[in-house]
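> Sharing a structure, written as structure tokens. Questions coming.
The values are calculated or read from the model by the stated rules, or taken from the named source; none is laboratory data. Please read these numbers as outputs of a predicted model, since none were measured by experiment. All Cβ positions, glycine included, derive from the backbone under ideal geometry; neighbour counts span all protein chains shown. Protein only, heavy atoms only, side chains kept; ligands, DNA and RNA dropped before computing areas. Shrake-Rupley method; radii C 1.70, N 1.55, O 1.52, S 1.80 Å.
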Amino acid sequence: PERFAEVAAALHARGERVVVSGGPDETGLARGVVRAAGLPPEADLSGRTGPLCLAALIAGARLLVSGDTGVAHLATAYRTPSVLLFGPTPPALWGPPPDRPEHTVLWKGLRGDPHGTRPDPGLLRITPGEVVAAAEGRLARPEGVTP
């Protein structure tokens with residue numbers, strides 16, 4: 001949570017509107033990220049976005065920053081620009097197709113247990129600074145322009 005808060009704070013500081021989503025069982029976690037990032041309380045959308053609302057939110061977003069989860073797949077489907085963090089599972093298995101220039105994938109090349117109870121060591125090697133740099137780079141690109 002601290003690492004996502006660091007990314008959210010950096011994007012917010014550059015004037016981006018940042019929201020944090022999550023399911024009903026993640027409200028405490030999301031609230032902590034919002035607080036630590038210095039975001040306004042209304043930036044916490046956890047537990048308040050059903051599947052259709054979440055899909056619409058991602059479809060209309062300028063950028064999604066996410067781990068390898070369902071929302072990442074929605075960003076791929078909607079071609080919403082994204083920065084996707086992969087830990088134990090290679091992006092070649094579940095990541096966006098390589099011909100999708102709107103997605104930036106961060107992966108340190110380590111495999112692990114995708115169902116582990118602790119954060120994956122490979123995922124933890126991705127620094128918040130790398131994520132912020134990737135997000136800033138993605139936001140700076142005009143739509144459809146490849147790096």
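> Run lengths n ≥ 4 of DSSP H only: what is the helix-derived mean residue ellipticity at 222 nm for the chain, with -39500 (n - 2.57) per run over all residues, to the nearest 500?
-12000 deg cm²/dmol
> Two decimals is fine: what's Rg over Rh for region 1-56, C-alpha atoms, Kirkwood radius as Rh?
0.97
> May I pose another question? Counting only heavy atoms of the protein chains, get the accessible area per residue of the chain (1.4 Å probe) and round it to a whole Å² value.
58
> For the chain, give the percent of accessible area contributed by carbon and sulfur heavy atoms, probe 1.4 Å, rounded to a whole number.
Roughly 58 percent of what the probe reaches on the chain is carbon or sulfur.
> Summing +1 for each Lys or Arg and -1 for each Asp or Glu, what net charge is found among the other residues whose Cβ lies under 13 Å from the Cβ of residue 121?
Every neighbour counted, the sum reads +2.
> OK, next. To the nearest 20 debye, what charge dipole does the chain have about its Cα centre, counting +1 at the Cβ of each Lys and Arg and -1 at the Cβ of each Asp and Glu?
Magnitude of the dipole: close to 140 debye.
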